[in-house]
Structures are given as C-alpha cells and as structure tokens.
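The structure appears below as structure tokens.
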Amino acid sequence: MSASTRKRTRGRRLLALIASGASLALLTGFGPAAATHPMLINVNPTIYFGQGVVWYPDTQASAGTTTNGATLRFQTDGNLVLYQLNTGNVLWASNTAGTGANEMLFPANGPILLERNHRVIAQVGPSSSAKSVKAVVQADQNFVFYDANDNATWATRN
C-alpha cells in the first residue's frame, strides 16, 4: 500500500470516528506500540453504547499514567488487546488475531461486535441482556462494562 493510500485510509477512519461523535485526539508516540505504529487514533477511555461509534484498526483508548495505566487497542491483525502502559505487557486479549476483523461496533446494550466486512465474527463482553450502557478503560488496568446504575456487568478481570 502506498503512503498516499495509507493517508487517505487513515483520513476516512478519522472522519468516520468524528461523524460517530467520538471525542478524539491524534497523538504520536503514545502507547505500547508507538515504535511500530507512530500514528494511532486515540479516543476517550469511556465508550458509550448505541451512539454509532465504530473503531477501525489502529484505534486505541488509554487511561492512567505511564507508570500505572492501560491501553485498549484494536490492532490491524483483528485482535482487541488490553496492554499495561508502562511495560507493554498484555493484560487481556480477545484472541481474534488473524480473523480479518476490520471494524469494532458498540451497539445499544453491548456487547462489542468485531466484524469483517460488516459480518459479525466475534463478540466481547456480556450479552445484550446485561444492558451495558458504557465500557471504560480504567487506570487500574481493567476494561469494564457498566449498566445505567454504574454496576459492572463484565470485566477483563474481577
């Protein structure tokens, strides 16, 4: 893929995120994969379900500090991975590498849907009956789904 094609693709991803209402900032050199991916799209660590938010590969959300925090990253290999910020160690993964997942959706009530060309190939989180309203990348190195009363409905670790 040429450099100009990569720029156009990244630009379309950015426009899709902005159109979905995601609050975001472009950051360089941030997160555990900065050496191999110098330009990642970084979004708010609180993701609300049912708002039309779509993540594309190379999107991440971080919380905490470089000494105690975590980054949730949707990788280009289709895997969704929670990394420890200060070490880059994997804390949790969806184990969807190699599936071709190229979109991650946050439908009303959850769970997160990983899709390849608009077809669901994996789900992350509780069933929709849990009525999750948001998912949060937390500074305590956990990724947690919450209901409308702020009760946890699912977490990468208990």
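Please verify whether the range 105-115 includes one or more residues that are of a type in the set (Phe, Trp, Tyr), under 24 Å from Ala70 (Cα atoms) and assigned to a loop (DSSP other than H, G, I, E, B).
Taking the range 105-115 as the starting set, the residues that turn out to be of a type in the set (Phe, Trp, Tyr) are 106.
After this cut, where a residue has to be under 24 Å from Ala70 (Cα atoms) as well, the list is 106.
Filter once more, keeping what is assigned to a loop (DSSP other than H, G, I, E, B): 106.
For the range 105-115, residues of a type in the set (Phe, Trp, Tyr), under 24 Å from Ala70 (Cα atoms) and assigned to a loop (DSSP other than H, G, I, E, B): present.
Scan the range 82-93 and give yes if some residue there is in contact (Cβ under 8 Å) with a residue 60 or more places away in the chain, farther than 18 Å from Gly110 by Cβ and assigned to a strand (DSSP E or B), otherwise no. Break it down into steps so the answer makes sense when it comes.
From the range 82-93, those in contact (Cβ under 8 Å) with a residue 60 or more places away in the chain are 82, 91-92; that's our starting set.
From what is left, the residues that are farther than 18 Å from Gly110 by Cβ are 91.
From what is left, the residues that are assigned to a strand (DSSP E or B) are 91.
Yes; the residues of the range 82-93 include at least one that is in contact (Cβ under 8 Å) with a residue 60 or more places away in the chain, farther than 18 Å from Gly110 by Cβ and assigned to a strand (DSSP E or B).
From Leu80, Leu85, which residue is in contact with a strand residue (DSSP E or B) (Cβ under 7 Å, 6 or more places away or on another chain) and at pLDDT 95 or above?
Details: Leu85 fails: at pLDDT 95 or above.
Leu80 is the lone residue from the list that is in contact with a strand residue (DSSP E or B) (Cβ under 7 Å, 6 or more places away or on another chain) and at pLDDT 95 or above.
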List pairs: first in the range 98-125 and basic (Lys, Arg), second surrounded by fewer than 18 Cβ atoms within 10 Å (Cβ to Cβ), Cβ under 8 Å, 6+ apart or cross-chain?
Arg116/Thr99; Arg116/Gly100; Arg116/Asn102
Failed criterion for Asn158 (all others in (1) surrounded by fewer than 16 Cβ atoms within 10 Å (Cβ to Cβ); (2) touching a residue at least 12 places away in the same chain (Cβ under 8 Å) hold)
(2)
For the range 51-67, give me the residue count where each residue is under 20 Å from Thr153 (Cα atoms) and in contact (Cβ under 8 Å) with a residue 60 or more places away in the chain.
2
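The values are calculated or read from the model by the stated rules, or taken from the named source; none is laboratory data. Note that this is a predicted model, so its numbers are computed, not measured. Neighbour counts are summed over all protein chains in view; Cβ atoms, including those assigned to glycine, are modelled from backbone coordinates with ideal geometry.
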